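J.: Here it is, the structure in full.
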Amino acid sequence: MNTLPVSFLWPSLLWLLILVPLLVLTYLWLLRRRKKLAVTYASLALVKEAMGKSPPWRRHLPPALFLGALALMLLATARPVATVMLPSQQDTIILAMDISGSMRAKDVEPTRLIAAQNAARTFIKELPRHTRVGIVAFAGTASVVQQPTQSREDALAAIDRFQLQRGTATGSGIIVALATLFPDAGFDVSTAIYGNDQQASQARSGSPLEATPKKAAPEFKPVPPGSYKQAAVILLSDGQRTTGPDPVDAAKRAAERGVRIFTVGIGTVDGEVIGFEGWSFRARLDEDALKAVASVTQGEYFYASNANDLKKVYQSLNSRLVLEAKETEISGLVSAAAALLALLAGLLSMLWFNRIL
């Protein structure tokens, strides 16, 4: 990684900047020559009157601005490159949200689920209008509750429909999110989640995933992790996986397709003992798994111990997904700055001295 803020595609052309000090020396020589010629006047008073009463720096400012413009033009020919914040190319965000029974815990007020819903609503409302949002909910299994859409109303309504269920299949949530992003990739979601045993056929019969048709998988070549800029997955969970595929293995599938997964852990590390449908258990946060998922995909892990933290996490994610640092050529910007300086030099010269320079 370059340690300098600006690099150049054609650095050899920077030698042209040697013209700048040469022009400065030429300008100083012309000033001295002009003073020598002034003594030939019959009266120095006539020279002072001709120069007027304007401050001496005025006559030097337009040439100085023009010299700055020339320096910027020469820099632009070397094609400077810098890392700048530009609008992100991501046009699809998948929110994969945990709706397991542990989300009823109240260590995040009023409950983990309500806090997550509120933060997700704010996140969706602040996304650019061109960004599509898809919603995946996972508990004992996973399903798409809202296909990617630009309709904020539909996405918010899907979040409002969440119903708590048993189990935490974090890996299933990741796989369904991938299948949603790549509907033509030939994902066999049921096999990926349940395997090829009898459990698979039983699960397909009542699973919301059974409507996903099988497609012939096209030839697939893995890409570098984090290289797919058109989409990202935000996964929120509060507990340990209790069923389904290993989330890290599922994350590796995402990494092979270049999809980044940003994971958000909600709740306390010690957890809370809660009851759900006759069961009593301690809901602990598995930070290690969530960190591993983010790391494998070149994403990032965030921890939210309360509702305010969760809101800040989503605000941070929004800014990261809307704007991203990109290394890009800035020759156009440098040239525009040079043009502005040259224009200002000409205007001042015309205004003060009735000449171009």
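The values are calculated or read from the model by the stated rules, or taken from the named source; none is laboratory data. Small disclaimer: the values here were computed from a predicted structure and weren't measured. No Cβ is skipped: glycine too gets one built from the backbone with ideal geometry, and neighbour counts run over all protein chains shown. Protein only, heavy atoms only, side chains kept; ligands, DNA and RNA dropped before computing areas. Shrake-Rupley method; radii C 1.70, N 1.55, O 1.52, S 1.80 Å.
J.: How much length is gained on full extension from residue 10 to residue 352, taking 0.36 nm per residue of separation minus their Cα-Cα distance?
T.: On the way: separation 342, 0.36 × 342 = 123.12 nm, distance 3.88 nm.
Additional length available on full extension: 119.2 nm.
J.: Same structure again: Could you tell me the calculated FRET efficiency between residue 152 and residue 29, based on Cβ-Cβ distance and R0 = 41 angstrom, to the nearest 0.05? Don't skip to the answer; put the middle values down first.
T.: Values: r = 67 Å, r/R0 = 1.63.
Taking R0 as 41 Å, the efficiency between residue 152 and residue 29 is 0.05.
J.: Rounded to the nearest 0.05, what FRET efficiency do residue 328 and residue 160 give with R0 = 30 Å and r taken as the Cβ-Cβ distance? Could you check? It would help to have the intermediate numbers written out before the result.
T.: Working: r = 40 Å, r/R0 = 1.34.
FRET efficiency, residue 328 to residue 160: 0.15.
J.: With all protein chains present, calculate the accessible area of residue 291 using a 1.4 Å probe and round the result to the nearest 10 Å².
T.: In the full protein context, residue 291 sits at about 100 Å².
J.: Heavy atoms only, probe 1.4 angstrom, no DNA, RNA or ligands counted: give me 102, 316 ranked by accessible area, highest first.
T.: On the way: 102 10, 316 35 Å².
Descending accessible area places them as 316, 102.
J.: Could you list the residues of the range 120-146 with an amide nitrogen less than 15 Å from a label point located 7 Å from the Cα of residue 230 in the Cα-to-C-beta direction?
T.: So the set is 131-133.
J.: OK, next. For residue 340 and residue 188 in one chain, what is 0.36 nm times their gap in residues minus the Cα-Cα distance, to one decimal in nm? Please list the in-between numbers first.
T.: Working: separation 152, 0.36 × 152 = 54.72 nm, distance 5.81 nm.
Computed gain between residue 340 and residue 188 is 48.9 nm.
J.: Calculate the FRET efficiency for residue 126 and residue 246 from the Cβ-Cβ distance with a Förster distance of 41 Å, rounded to the nearest 0.05.
T.: Values: r = 33 Å, r/R0 = 0.81.
According to the calculation, E is roughly 0.80.
J.: Using square roots of five times the C-alpha gyration tensor eigenvalues, list the equivalent-ellipsoid semi-axes of the range 101-170 in whole Å, biggest first. Write out the running numbers ahead of the final one.
T.: Details: eigenvalues 99, 47, 14 Å².
Semi-axis lengths for the range 101-170 are 22, 15, 8 Å.
J.: Separate question: So, with a 1.4 angstrom probe, what is the percent of accessible area on the range 127-170 that is carbon and sulfur? Each step should come with its number before you reach the end.
T.: Working: 830 of 1850 Å².
Carbon plus sulfur share of accessible area: 45 percent.
J.: With respect to the cross-link table entries 229/311; 125/312; 229/291; 106/291; 252/311; 221/252, which display a Cα-Cα separation exceeding 19 Å?
T.: Numbers: 229/311 24 Å; 125/312 14 Å; 229/291 21 Å; 106/291 23 Å; 252/311 28 Å; 221/252 14 Å.
Result: 229/311; 229/291; 106/291; 252/311 exceed 19 Å.
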